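The values are calculated or read from the model by the stated rules, or taken from the named source; none is laboratory data. No experiment lies behind these values; they were computed from the predicted model shown. Because the Cβ atoms are built from the backbone with ideal geometry, glycine has one as well, and the counts that use them run over all protein chains shown. These accessible areas exclude ligands, DNA and RNA; they are computed on the full protein's heavy atoms, side chains included. Shrake-Rupley method; radii C 1.70, N 1.55, O 1.52, S 1.80 Å.
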Amino acid sequence: MQERNKPFTARSVLASALLGEDPPELPVAQLVRLTGLFGISANGARVALSRMVAAGEVTTDGSGSYRLAGHLRERQARQSASRSGETAPYSGQWWLAVVTTTGSVADVRAARRRALGPARLAELREGVWMRPDNVAVHLADDLGSDAELMVARPEDPHRLVAALWDLCGWADRAVELLEGLAGLSPDSPAALAPGFELSAAVLRHLQADPLLPDELLPPRWPGTRLRNDYDRWDARYRATLREWSRAGS
């Protein structure tokens, strides 16, 4: 159930495996065995690990284990926050990030979007990003003086929410994932490969949750249910994965 049925590469299996660990470190033998579930050879896995080391995505201490680093370690922090879904009280104010430079080339604009998106800001129009203040927002250092962060109090926050986020689309996909969790028992080795894909899809979807205040969400919002069901399912999946890993060592 990787979105949508996009095949895993060696790098994506390795990254997903490490992203799911706390601390994000695994022995190379376990990483290689995991990639084998997806038809990836041991040599292909080791080549991908070498490339990830060169790219600064993982590090190794020479003892046969690899640990997340760089932007993937930052991604894990965002993933953990998405999975917990914790927010602060909503005061009625919104964060407003405004890009103050003009005439930027497409690559620069795309880099800004990559910096602003993980803060769960949504773009109202070119250069104007917003979200409710129930989540702390800190602009990335690499934005430099290109953007200013301020607060605003919109007259019609529900209209803004409808303009900024496809909440129906997010909820529909969440229901699909809930059905997937209910339909896949994670208690046997046969579930490891499909469960790995399902887990990655859930975590990716939770990162797309805008984490809006309850008063701005539609009725029967499935965010909390997806988190709770996934936590229970993942505990069972991790137990199966540990048992399988011990059996192969």
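Over the stretch 78-177, all Cα pairs binned in 10 Å intervals from 0 give whole-percent P(r) values of 13, 43, 34, 9, 0, listed from short to long.
Kirkwood Rh and Cα-based Rg: tell me the resulting Rg over Rh for the stretch 3-142, rounded to two decimals.
1.07
Relative to the longest principal axis of the Cα atoms of the chain, helix 167-183 runs at roughly 20 degrees. Put a dot 7 Å past the Cα of VAL98, heading toward its Cβ, do the same for GLU176, and the two dots end up 3.9 nm apart. Axis angle, to the nearest 10 degrees, between helix 42-54 and the longest C-alpha principal axis of the chain: 40 degrees. When VAL98, VAL175 are compared by accessible surface with a 1.4 Å probe, the order from highest to lowest is VAL175, VAL98.
Ligands, DNA and RNA left out, the 1.4 Å accessible surface of the stretch 182-227 is 55% carbon and sulfur atoms.
Work out the FRET efficiency for ASP61 and ALA29 from their Cβ-Cβ distance, taking R0 = 25 Å, and round it to the nearest 0.05. With R0 = 25 Å, the Cβ-Cβ based efficiency is 0.95. Rolling a 1.4 Å probe across the protein heavy atoms gives the chain an accessible surface of 52 Å² per residue.
DSSP loop GluC sites (Glu not before Pro) in the stretch 69-146 with at most 16 other Cβ atoms within 10 Å of their Cβ, which ones?
On the way: sites: GLU74, GLU86, GLU123, GLU126; in loops: GLU86, GLU126.
Loop-located and lightly packed - GLU86, GLU126.
When you filter the GluC sites (Glu not before Pro) in the stretch 155-218 for DSSP loop state and at most 16 other Cβ atoms inside 10 Å of their Cβ, you are left with GLU155.
Compared with the dominant principal axis of the Cα atoms in the chain, helix 223-248 is inclined by about 20°.
Using a Förster distance of 51 Å, how high is the FRET efficiency between ARG46 and ALA163, based on the Cβ-Cβ distance and rounded to 0.05? Working shown, then result.
Values: r = 48 Å, r/R0 = 0.94.
About 0.60, to the nearest 0.05.
For SER245 and ALA111, the difference between the fully extended length at 0.36 nm per residue and the C-alpha to C-alpha distance is 44.3 nm. The longest part of the chain holding none of the exposed loop trypsin sites (Lys or Arg not before Pro), meaning those outside H, G, I, E and B in DSSP with at most 13 other Cβ atoms within 10 Å, is 5-219. Evaluated at q = 0.11, 0.15 Å⁻¹, a Debye calculation over the C-alpha positions of the chain (equal weights, vacuum) places log10 I(q)/I(0) at -0.69, -1.13.
Where the accessible area of the stretch 1-72 is counted over protein heavy atoms with a 1.4 Å probe, how much of it, in %, is carbon and sulfur? Heavy-atom surface of the stretch 1-72 belonging to carbon and sulfur, 1.4 Å probe: 51 percent.
Volume per residue of the convex hull around the Cα atoms, evaluated for the stretch 190-236, comes out as 74 Å³. Pop the C-beta distance of SER84 and ARG236 into the FRET formula with R0 = 25 Å and round what comes out to the nearest 0.05. About 0.80, to the nearest 0.05.
With Rh defined as the Kirkwood radius, the inverse of the mean 1/r over Cα pairs, the Rg/Rh of the stretch 85-138 is 1.02.
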